[in-house]
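One structure is given below, encoded as structure tokens.
The values are calculated or read from the model by the stated rules, or taken from the named source; none is laboratory data. This one's a predicted model, so the numbers in the text were calculated from it and none came from an experiment. Counting neighbours? That spans all protein chains shown, and the Cβs are built from the backbone with ideal geometry, glycine included.
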Amino acid sequence: MADLRVIVAYLYFIIFLAVIPYLITHSVIVSAVFAGLGIIYWIVAGFFGNGFLLKTLSIEPLNVAKYHEIGKLVMARRSGRGLGAPEMWLIRNTSPMIMSIGMTRKSANLLFSQGFFDNLDDKTQIGLTMREIESIREGRTAANTGLAALLWLVLLPGRLGGRLAGAAPGENNMASTFIDLFPAFFIGLPIGILGADRKQTYVIDNHTLGKLDNPDYLPYGLMKLQDAILASPFNCDLSLSGNCIINPMVRNPYQSWFKLHPPTPKRVDRLRIRAKSDRLKFKTKTPDAGEKTS
């Protein structure tokens, strides 16, 4: 949670908790109590954020023997010098998706949906997996997870309202929409704007190209995943949408507010230009001075 943008988002949350009670009660003590609760949550989220975000998904350990190519790739590409490989999990969901969760690089988790393996080809899986490993290495996963832990709390009232109304997880209903309106608009939306770093997405995309045997794997993979998601949306808690590699298209009325990802077509176009440039550099590279030419 050391990312400056996420810290600013948490500070906004604490200030909001302090100001609103003061405007209602005109009591400094009440204002300080609510600000203290925000600080306590910040501390709790830092230690336990991974755990309660993972519990929002139905996951089980990934069968590395069955998906050995992905297992070998992850084990070979450590998330950082001296750090272990991310924990790998399977989400029993037929829609394709890959996401990463982890407050730190040491506690990183890679999550694959069943649809990721069933609906995407090998080179797509390799490109997208490498991209998420790079996100962990660069610390973007930690920032996204810190933001998700905060949004999870902010959007809790609507989640509880949906349960009271008997709605299934992710299902739209009037109760959750009405109860979530104030926290989503006045707290969640500013938090998403302050904490999300969409430019960093392009940076990590570009870094990933240099780690792939073929630079076309990533733009091809994003395009294939986007097409598959449009055909079969991956429904998850709105707070976790920033941890997904692309917009998961969750069925939430506030999804269009929380634009935590750049448009996928723009990412693909930028990557294709960069991949073409890298190939031209490779083709025109002159031999070293000490190298004999035939």
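Testing Lys66 on (1) closer than 22 Å to Asp237 by Cβ; (2) part of a loop (DSSP other than H, G, I, E, B); (3) of a type in the set (D, E, K, R), one condition comes back false. Which one is that? Failing condition for Lys66: (1). Of the candidates Gly162, Gly158, the single residue that is at pLDDT 75 or above, buried (at least 17 other Cβ atoms within 10 Å of the Cβ) and either assigned to a helix (DSSP H, G or I) or among the aliphatic types (A, V, I, L, M) (or both) is Gly158.
Of the residues making up segment 94-118, those that are polar (S, T, N, Q) and within 16 Å of Ile245 (Cα to Cα) number 5. The residues listed here are Asp180, Asp197; of these, the one that is within 30 Å of Leu156 (Cα to Cα), in contact with a Gly (Cβ under 6 Å, 6 or more places away or on another chain) and charged (D, E, K, R) is Asp180. Segment 182-280 holds helices (runs of 4 or more DSSP H) entirely within its bounds, and those carrying 3 or more residues that are within 24 Å of Trp42 (Cα to Cα) map to 189-195. Checking Leu212, Leu222, Leu189 one by one, the residue that is in contact with a Phe, Trp or Tyr (Cβ under 6 Å, 6 or more places away or on another chain) and not small (Gly, Ala, Ser) is Leu189 and no other. Val6: closer than 21 Å to Asp237 by Cβ and surrounded by 17 or more Cβ atoms within 10 Å (Cβ to Cβ), yes or no? In short, yes. Within segment 253-280, the set of residues being at pLDDT 90 or above and of a type in the set (Asp, Glu) comprises Asp269 only.
The single condition among (1) surrounded by fewer than 17 Cβ atoms within 10 Å (Cβ to Cβ); (2) out of contact with any strand residue (DSSP E or B) (no Cβ under 9 Å at 6 or more places or on another chain) that Phe34 does not satisfy is (1).
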